[in-house]
Amino acid sequence: MDRLWDVLGDVAQLIMGPVVAWTVWGWLSHPERAPAWAARGPLWAVRCWVAGFVLLGIGMGSSGVYGLTGLTEPWVVGFCRAAGPMLYLLVVWLPFVHGAMRRGDGRSPVSGAAEGALEGGRDDDGSPRGHVA
């Protein structure tokens, strides 16, 4: 039974890897077709995002092939599987972290209303406090 699950995982990677790479490859030449959460940055960020997911798809597909054949994976497959998500994280999350650090100096401390929100916030009947039914 364990061998069945191993084979199913390898087949899923073999199918999903090229599907991921093929789907995002079309967004490289047409960045306006990318989802809004991916295309909200500059053009270079969208292209790096696409490159990261193409690398991830290539790594997944290759891992499925090597898993089904029983051969040892070369280091390039592991590199593609790791470099894809790392490129995505660097491109997408780095501007948010940098912007938060830049704005962090002028932030006010947490208000008393936010601290009291941890105490429950509901009446006995389950409705939010202050809610008139």
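The values are calculated or read from the model by the stated rules, or taken from the named source; none is laboratory data. All values reported here derive from a predicted model rather than from experimental measurement. All Cβ positions, even for glycine, are placed from backbone atoms using ideal geometry, and neighbour counts span all protein chains on display. Only protein heavy atoms, including side chains, enter the accessible area calculation; ligands, DNA and RNA are left aside. Shrake-Rupley method; radii C 1.70, N 1.55, O 1.52, S 1.80 Å.
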Open item on the list: Residues that are at pLDDT below 80, on the phi < 0 side of the Ramachandran plot and not small (Gly, Ala, Ser): does region 73-91 have at least one?
Closed with: yes
TODO: Would you please name the residue that is nearest to the chain's Cα centre (by Cα), looking only at residues in region 78-95 that are among the hydrophobic types (A, V, I, L, M, F, W, C), open to solvent by less than 30 Å² (accessible area, probe 1.4 Å) and farther than 13 Å from Ala38 by Cβ?
DONE: Ala83
TODO: Taking Pro42 as meeting all but one of (1) touching a residue at least 12 places away in the same chain (Cβ under 8 Å); (2) surrounded by fewer than 21 Cβ atoms within 10 Å (Cβ to Cβ), write down the number of the exception.
DONE: (1)
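Conditions tested, residue by residue: (1) within 15 Å of the chain's Cα centre (by Cα); (2) under 21 Å from Pro74 (Cβ atoms).
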position: Gly9; (1), (2): no, yes
position: Val24; (1), (2): yes, no
position: Arg33; (1), (2): no, no
position: Gly57; (1), (2): yes, yes
- [ ] Working only within region 1-39, note down all residues that are open to solvent by less than 60 Å² (accessible area, probe 1.4 Å) and modelled with pLDDT under 85.
- [x] Gly26, Trp27, Leu28, Pro31, Ala34, Pro35, Ala38, Ala39
- [ ] Can you give me the number of residues within region 67-81 that are of a type in the set (Val, Ile, Thr) and in a loop (DSSP other than H, G, I, E, B)?
- [x] 1
TODO: Tell me, please, whether a residue that is polar (S, T, N, Q), part of a helix (DSSP H, G or I) and open to solvent by less than 60 Å² (accessible area, probe 1.4 Å) can be found in region 46-66.
DONE: yes
